[in-house]
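Here the structure is laid out as structure tokens; the discussion comes afterwards.
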Amino acid sequence: MNALYAVTPVNYRAGLRAWVGAFAKAKFEKESQTFVYAKGKESNLEKALEIAPANYAKEANAGAGKAAKSLMERVESAAKRLSRMNRQAVTTRLSLAP
């Protein structure tokens, strides 16, 4: 796994870490950036062979994407926040003015 991780493009590594964590008897150590054997963990090779690491990450994130805010909701929220910050800045400047 460590050799595969080393040659995997950076943008696919998170998917590989999630896939190995779900199906293999290994865990990822952030400090050393390596996979190590996880003694008490069970592996599921049959399920692992059914889905590629990149597709596993997509399916795992599919549910999270539905719950995420839409782009318009995020833009509206940012606009409101900036408007509020601008009002506070103007009020502060007026109160500090001589």
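Read-outs throughout are calculated quantities, based only on the coordinates presented, and are distinct from any laboratory measurement. These figures come from a predicted structure and were not determined experimentally.
Per residue, what volume in Å³ does the Cα convex hull of region 2-96 take up?
It comes to 187 Å³ per residue, whole-number rounded.
In whole Hz and in residue order, list the ³J(HN,Hα) couplings for region 7-23 that follow from phi through the Karplus curve 6.51 cos²θ - 1.76 cosθ + 1.60, θ = phi - 60°; x for Gly and Pro.
Whole-Hz 3J(HN,Hα) from phi for region 7-23: 9, 6, x, 4, 6, 9, 5, 4, x, 5, 4, 5, 5, 5, x, 7, 10.
Would you pull out the residues with amide H under 5 Å of Ala26's amide H, same chain only if 5 or more places away, H placed 1.01 Å from N?
Sorted by chain and number, the residues that satisfy this are Ala38.
Amide H to amide H under 5 Å from Thr34: which residues, 5+ apart in sequence or cross-chain, H placed 1.01 Å off N in plane?
Hits under the 5 Å cutoff: Glu29.
I'd like the Karplus ³J(HN,Hα) series for region 46-51: coefficients 6.51, -1.76, 1.60, θ = phi - 60°, whole numbers in Hz, and an x wherever there's a Gly or Pro.
4, 5, 5, 6, 7, 9
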